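The values are calculated or read from the model by the stated rules, or taken from the named source; none is laboratory data. Quick caveat: nothing in here was measured; it's all calculated off a predicted structure. Neighbour counts are summed over all protein chains in view; Cβ atoms, including those assigned to glycine, are modelled from backbone coordinates with ideal geometry. Protein only, heavy atoms only, side chains kept; ligands, DNA and RNA dropped before computing areas. Shrake-Rupley method; radii C 1.70, N 1.55, O 1.52, S 1.80 Å.
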Amino acid sequence: MTDGLSPDVIPVIPRGVRLHWDHVREKWVLLAPERAVALDPIGHAIMTEIDGARSFGTITTALADKYGAPHEQVAADAGEFLRGLMNRRILEVA
Amino acid sequence: MDGSEVRDWRAEGKANGIPAPIAMLAELTHRCPLSCPYCSNPVELAQKSLELDTSDWVRVFQQAAELGVLQLHLSGGEPAARRDLVDLVKAARDAGLYTNLITSGIGLTERRLQELDMAGLDHIQLSLQGTDADMADRIGGYKGGFQRKMQVAAWIKDIGFPLTLNAVVHRQNLHQLPRAIEMALEMNARRIEVAIVQFHGWAMSNRDALMPTKEQAQEASRVVAEARDRLKGQLVLDYVPADYHADYPKRCMGGWGTTGLNVAPDGEVLPCHAAQTIKSLKFDNVRNKSLSEIWYRGSAFNAYRGDDWMQEPCRSCDRKKLDFGGCRCQAMALAGDPNATDPVCVKSPLHAELQKRAVAFSHHDNAELTYRQQPPA
C-alpha cells in the first residue's frame, strides 16, 4: 500500500502539534507550525485515538468497533488521512 | 473587555460576510540588530518609546484569542530585543494561542531559549540571510551574525523546538538555494520557507540590487519543485515565487481583512505589514479600541473587503476571487492607485512596462545595497 499506513507502525503526534477546540468556529482544529487544519468529526475521532503507544492496526480496529464500520474501509480512510498529515510533517510514525 | 460585546461584533460580522481572522502578526518592536535591505518593516519605523508595554500586549493577545485568532506570530524587528519576550510567550499560550517566534536568532541565548521552552513556545521560524558568513553577514549588515545564528540553530535542535528555516532569496544569493535546503535538513527543520524578496518596505529602495533575473526565478521554481518531490514527508517547502516576473499577482493576504491582521509596535492595527503605504487609510489603535471592533468595524479593514472597490479589468475578471486583484500596496506603489489592478497582472495596462523594468533592474550588476536603518530612540 503506497498511500496508506502499515498496521505495525505507531503514529505519534510530534511536538508543536496539538488538538484545539476552536470556540469561535465551533470545531476541532489541529494546530501545527504555520498551519491550522480543520478536522471533521472523523478526523477528530482518528486523532483522539493516537496516544503514541498503540499501533495503527490497533487504532483502526478500535475505530471500526466503536463506529460499527468495516475494518478495511476504516484502515484505508484513516491511512490516507494520516499519510496526508505525514507528508506535511504534522504527524510522525515510530 | 465584556465577552458579550465580542459576540455582538462577531454576529454583525457574520451577517456582513466577514470571517474571524485566523492569524495575527505581532510586531513587538521595530528594533533589530540586523539591517537587511529587504526588511518588510515600514520605512518610517516606530520608535522605542512608543512601543506597547507588556500589559498592553497581554490584553491584545487575550482579545485576539476571543476574536478567533489561532496562530500568533511574534515578530519585529527582532522580537528577542524585547526584554519581556518570555512573559509575552507565556501570556500568549495562556490565552490559548499557537505561538510562533520569528527571529534572526540574535539576542537568543541558550538560557533564554530554555525559558521560552518552559513558557510554552510552540514553534520557531529562523531567518537565513545567506548560507555562509560572507553572504549572510553582508546581507544582514551584521558582522558575526551568521556564526551566532548557527549556534542558536544548534540550541534549537538540542531543545527540540519545531523549526522552520526562512530563507529570503534574491539575485545576490539565489545560487545558494540548494545549500539552504541542505541546511534545513541538517538543522532538523520540518519546514523551509523559500521566499524570493517581494518589493515592499525597504526592498523598494533595493530593486536594482536584489531583483532576480527571470532565469534565476525559473531556476528557483525548478529547485523547489525537485526538492519537494525528493524530500516528501521529510521537509515541507513553502515557496513565495518572484513577483515582477509573474503573469498573475499574488493573493493579497489571502483576501484583505479576511484571514489575518498585524499589530504594529505602537499598537496600530494593520490589514497587512505594508498597509501604511496607502496614505488614504486610517488605522485604529489597540490603546483605545478593542481588536474585535477594529477588525469588524475599522475603516482600513473594510476598505478592500469584497469587490465593491474594484475597477476594470478586475471587476468582471473570473480570477477576482482567486487573487482579489492582487496586492493593494503594490497597486499603490506601482500604479499610484490602491484600487487599481496590481500591475503584475497580465491584464493590467502597466504589465508590459513592469516586466521590462524588472529585466532592467535585474541587470544592474553594480547596484549598491541600501540598508534598513534603526528606529529613532
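What's the FRET efficiency of A:D3 with B:D307 using the Cβ-Cβ distance as r and R₀ = 45 Å, to the nearest 0.05?
0.70
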For the pair B:N285 and B:R315, how long in nm is the line joining their label points, each one 7 Å along Cα→Cβ?
3.7 nm
Excluding ligands, DNA and RNA, what is the solvent-accessible area per residue of the protein assembly as shown at a probe of 1.4 Å, expressed in Å²?
43 Å²
Ignoring ligands, DNA and RNA, how do B:V240, B:V286 rank by accessible area with a 1.4 Å probe, largest first?
B:V240, B:V286
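Kindly identify segment B:314-377 as rounded, prolate or oblate by the Cα gyration tensor criterion: order the square roots of the eigenvalues as a ≥ b ≥ c, call it rounded if a/c is under 1.5, otherwise compare a/b with b/c, prolate if a/b is larger, else oblate.
On the way: a/c = 3.15, a/b = 1.52, b/c = 2.08.
In terms of gyration-tensor shape, oblate.
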Full extension between B:D94 and B:M204 adds, at 0.36 nm per residue less the Cα distance, a length in nm of 35.7 nm
Choice from B:T109, B:T99, B:T164 with maximal GNM fluctuation in chain B (Cα, 10 Å cutoff)
B:T109
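Which FRET efficiency value, to the nearest 0.05, do you get for A:Y67 and A:N87 by plugging their Cβ-Cβ distance into 1/(1 + (r/R0)^6) with R0 = 30 Å? Before the final figure, lay out the partial values.
Details: r = 25 Å, r/R0 = 0.85.
Calculated transfer efficiency: 0.75.
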Using a 1.4 angstrom probe with every protein chain in place, what is the largest-first accessible-area order of B:W295, A:W21?
A:W21, B:W295
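Excluding ligands, DNA and RNA, what is the accessible area buried between chains B and A, summed over both sides, using a 1.4 Å probe, to the nearest 100 Å²?
Working: alone 16410 and 5980 Å², together 20260 Å².
Rounded to the nearest hundred, the buried surface is 2100 Å².
Mind running the shape call on segment B:21-376? Use the C-alpha gyration tensor, a ≥ b ≥ c as the square roots of the eigenvalues: rounded below 1.5 for a/c, prolate if a/b tops b/c, oblate otherwise. All intermediate terms of the calculation are to be shown ahead of the outcome.
Numbers: a/c = 1.58, a/b = 1.08, b/c = 1.46.
Because a/c hits 1.5 or more and a/b fails to exceed b/c, segment B:21-376 counts as oblate.
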Write down the percent of antiparallel bridges among all DSSP beta bridges whose residues are both part of the protein assembly as shown, to the nearest 5.
30 percent
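To the nearest 0.05, how large is the calculated FRET efficiency for B:E5 and B:E353 if R₀ is 60 Å and r is the Cβ-Cβ distance? Walk me through the numbers on the way to the answer.
Details: r = 49 Å, r/R0 = 0.82.
With a Förster radius of 60 Å, E is 0.75.
Just the number, please: carbon plus sulfur as a percent of the accessible area of the protein assembly as shown, 1.4 Å probe, no ligands or DNA/RNA counted. Each step should come with its number before you reach the end.
Details: 10380 of 20260 Å².
C and S atoms contribute 51 percent here.
Under unit Cβ charges (Lys, Arg +1; Asp, Glu -1), what dipole magnitude, rounded to 20 debye, does the protein assembly as shown have relative to its Cα centre? Present the calculation step by step, with values, prior to reporting the outcome.
Details: 54 positive and 60 negative charges, 107 e Å.
For the protein assembly as shown, the charge dipole is close to 520 debye.
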Descending Cα extents along the principal axes, segment A:11-89, whole Å:
33, 24, 19
With the crude spin-label approximation of a point 7 Å out along Cα→Cβ, what separation in nm comes out for B:R230 versus B:A154?
2.6 nm
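When a/c is below 1.5 the answer is rounded, else prolate if a/b is larger than b/c, else oblate, so apply that to the protein assembly as shown with a ≥ b ≥ c taken from the square roots of the Cα gyration tensor eigenvalues. Intermediate values should be presented prior to the final figure.
Working: a/c = 1.37, a/b = 1.25, b/c = 1.10.
Note, shape of the protein assembly as shown comes out rounded.
Suppose only helical runs count, i.e. DSSP H with n ≥ 4. What mean residue ellipticity at 222 nm does that imply for the protein assembly as shown under -39500 (n - 2.57) per run, divided by all residues and rounded to the nearest 500 deg cm²/dmol? Walk me through the intermediate numbers first.
On the way: 17 runs with 174 residues, N = 471.
Result for the protein assembly as shown, helices only: -11000 deg cm²/dmol.
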Quote the relative contact order of segment B:21-376 in percent (integer), defining contacts as alpha-carbon pairs under 8 Å separated by 6+ residues.
21 percent
Determine the sum of side-chain charges near B:F361: Lys and Arg each +1, Asp and Glu each -1, restricted to other residues whose C-beta is under 12 angstrom from that of B:F361.
+2
Looking at segment B:67-91, residues buried by 10 Å² or more relative to their chain on its own, accessible surface at probe 1.4 Å, turn out to be B:G68, B:L70, B:Q71, B:H73
